[in-house]
Amino acid sequence: MFTKSSWVHLRIPFSFFLLPVFAFALSSINEVNVFYGLIVFFALHLFLYPASNGYNSYFDKDEGSIGGIKAPPKVNNDLYYLALLFDAIALILASYNFIFFLMLLTYGLVSKAYSHPSIRIKKYPLASWFIAGFFQGFFTFLMAYIGLIDGSFSDIIEPKILYAGCLTSIMLWGSYPMTQIYQHEEDTKRGDVTLSVKLGVLGTFHFVAIFFFFSSLLFFWFFLHHYSIDVSLIYLGAMGPVVSFFAYWYIQVRKDKKLANFDNTMKLNFLSSLCLNAFFIWLWIMR
């Protein structure tokens, strides 16, 4: 019914890069209901995120590399309907909790506004950067938290939870321009002046480095205040491989800007997600 190309454009494995937000929310809960945990995981990572990816690909029709696909196949019209089907399944899964359902619906609508030509938030550098970081970070953290505990808005009006949500957005605001660094030519050709295009290749590296430094300090303080010095130091240790690869890549890019490419970007994304997921899962297990 749906073409192979459309399934590829859902980029389901790419959801791994957004898994740290869910894992952080999971680690913030004392007792996790396994049923709710599985429902939230499936709703977000197997349906909501892939639906957003597919919808974005349908309107972008990229010819160059995109997140998770080095050589994207030609977009077919059925991708639009497959993306909507995945959105519908995500909403059905979320229907056990009205707030979770409402937040998931809101996320889906914002992701469509990001790509749809009549609005296309993506073409506005600062707005797209802020909105993507806010909704994939703070908003998703709170959405996952509510879904995991089958809670309500009153459950998230707590300094620790709100601060943790803010940290996820700060982390994503720092890393988001890096996900665009290899798409400058394609984005510019389509009229999408992203923040990374505005910053330039080296400017993107500098921007990410500054944000990463300050977000690390804020994470360190969070774990020190709410957990222990040991947890804070383990967090810094977990980020060590990410910093090392970033520094090495930066040195190479200063010599040859062509190395700011898809392969190296995906390596950084994968390493960062792997280290963060490992840390948050460890933190959840150790609670």
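Summarising the label geometry, the points placed 7 Å from Cα in the beta-carbon direction at Glu185 and Leu271 lie 2.5 nm from one another.
Karplus-derived 3J(HN,Hα) values for region 171-181, using 6.51 cos²θ - 1.76 cosθ + 1.60 with θ = phi - 60°, are 4, 6, 4, x, 8, 4, x, 5, 6, 9, 5 Hz; glycine and proline are entered as x.
Helix-only arithmetic for the chain: the sum of -39500 (n - 2.57) across DSSP H runs with n ≥ 4, divided by the residue total, places the mean residue ellipticity at 222 nm at -22000 deg cm²/dmol. Its Cα gyration tensor gives the chain an equivalent ellipsoid; the semi-axes, largest first and in whole Å, are 28, 26, 16.
Enumerate the calculated ³J(HN,Hα) couplings along region 221-226 in order (Karplus 6.51 cos²θ - 1.76 cosθ + 1.60, θ = phi - 60°), each rounded to whole Hz, writing x wherever the residue is Gly or Pro. After applying 6.51 cos²θ - 1.76 cosθ + 1.60, I find 5, 4, 6, 5, 6, 9 Hz. Computed from backbone phi, the HN-Hα couplings of region 263-279 come to 4, 5, 5, 5, 5, 5, 4, 5, 5, 4, 5, 4, 5, 5, 4, 4, 5 Hz, rounded to whole numbers (Karplus: 6.51 cos²θ - 1.76 cosθ + 1.60, θ = phi - 60°; Gly and Pro given as x). Take the chain, connect every pair of alpha-carbon atoms lying under 10 Å apart with a spring to form a Gaussian network, then pick out the residue of Leu82, Leu195, Leu224 with the largest mean-square fluctuation. Taking springs between Cα atoms under 10 Å, the residue moving most is Leu224. Note on the chain: with a GNM built from Cα contacts shorter than 10 Å, the maximum mean-square fluctuation among His45, His225, His206 falls on His225. Please identify, among Ser228, Ser128, Ser28, the residue showing maximal mean-square fluctuation in a Gaussian network model of the chain using a 10 angstrom Cα cutoff. Between Ser228, Ser128, Ser28, it is Ser228 that shows the largest mean-square fluctuation.
Compared with the direct C-alpha span, the chain from Met286 to Asn261 gains 5.2 nm at full extension, assuming 0.36 nm per residue. Applying 1/(1 + (r/R0)^6) with r as the Cβ-Cβ distance of Leu236 and Phe153 and R0 = 35 angstrom yields a FRET efficiency of 0.60. In region 201-256, Rg over Rh equals 1.10, where Rg is the alpha-carbon radius of gyration and Rh the Kirkwood radius from pairwise Cα distances.
Using 1/(1 + (r/R0)^6) with R0 = 22 angstrom and r between the beta carbons of His226 and Val34, what's the FRET efficiency to the nearest 0.05? Taking R0 as 22 Å, the efficiency between His226 and Val34 is 0.35. Modelled spin-label separation between Ser5 and Tyr163, with each label point placed 7 Å from Cα along the Cα-to-Cβ direction: 5.1 nm. A simple spin-label model places the labels of Phe16 and Ala209 2.8 nm from each other, with each point 7 Å out along Cα-to-Cβ.
Remind me, relative contact order of region 218-287 in percent, using alpha carbon pairs under 8 angstrom and six or more residues apart?
Normalised by residue count, the contact order of region 218-287 is 31 percent.
Across the chain, C-alpha contacts under 8 Å between residues 6 or more apart give a mean separation that, scaled by the residue count, equals a relative contact order of 22 percent.
FYI, it's all coordinate maths here, none of it is from the lab. Predicted model only: the values in this text are computed from it and were never measured. Because the Cβ atoms are built from the backbone with ideal geometry, glycine has one as well, and the counts that use them run over all protein chains shown.
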